[in-house]
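Here is the structure we will look at, set down as structure tokens.
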Amino acid sequence: MANLNSYRVAVSALIEARASRVYAILADYRRAHRDILPGDYFRDLRVLRGGVGAGTTFLLEMRMLGRTRFMRQTVTEPDPGRLLTETDDETGDSTTFRVESGGPFTRVTIATELKSRGGLRGRLERWITSAVLRRIYSKELKLLADHCFREDEVSAIPALVRPRSVVA
């Protein structure tokens, strides 16, 4: 792409959960993180190396605006416990998950730095992509809050009454 311009798309939410719990979900790419991805946009997340936090590499299949993309992402933790970064190995675009503790609530911000073309086509691309990503991140934050609530609910049930899986 010629005349690349950078732009940022970010969405934040307050989640009623401890910051350590929220961060653990975000950093767990083998199980928990895939549970918070909106299924209407994310088709698959396959861990290639690692699986928890820094050093994890994964392949992500994403469908957006009628187009399916496969992205190989590498995870770093510039500020462990507070900031997780996924970087697209091909484009260098990055998405960060910032976790800020505030008593019983945690502020989570998902932000993506992207490159686009210049000119009218670039402005249109930025406008459409920003609107769609804000919708996706809002859904993802809602799923994250729901996941935290479900986990807290299950841990509050005494072990004797918890349902057990039965394999037939």
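Just so it is clear, none of the values below were taken in a lab; they were calculated from the coordinates. Since the structure is predicted, the reported quantities are computational estimates derived from the model, not experimental observations. Note that we place each Cβ from the backbone using ideal geometry, even for glycine, and neighbour counts take in every protein chain shown.
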key: Unit Cα scatterers, Debye sum, the chain: log10 I(q)/I(0) for q = 0.12, 0.15 Å⁻¹   = -0.59, -0.88
Along the chain, longest interval not containing exposed GluC sites (Glu not before Pro), exposed being DSSP loop plus at most 15 other Cβ atoms within 10 Å = 91-168
query = Residues with beta-carbon under 12 Å from that of Thr85, excluding Thr85: net charge, scoring Lys, Arg +1 and Asp, Glu -1?
reply = -4
note = Neighbour-count ranking for Phe97, Phe105, Phe149 (other C-beta within 10 angstrom, fewest to most) reads Phe149, Phe105, Phe97
Rounded to 10°, Cα long-axis angle of helix 119-155 versus longest principal axis of the chain = 0 degrees
message = I need to check one value: relative contact order of the chain, counting alpha carbon pairs closer than 8 Å and at least 6 residues apart, in percent.
response = 29 percent
task = Sort out the exposed loop trypsin sites (Lys or Arg not before Pro) in the chain (DSSP loop, at most 11 other Cβ within 10 Å) and tell me the longest stretch that has none.
result = 32-163
ask   = What length, rounded to one decimal in nm, is gained on full extension from Arg43 through to Asp79, with 0.36 nm per residue of separation minus their alpha-carbon distance?
value = 10.1 nm
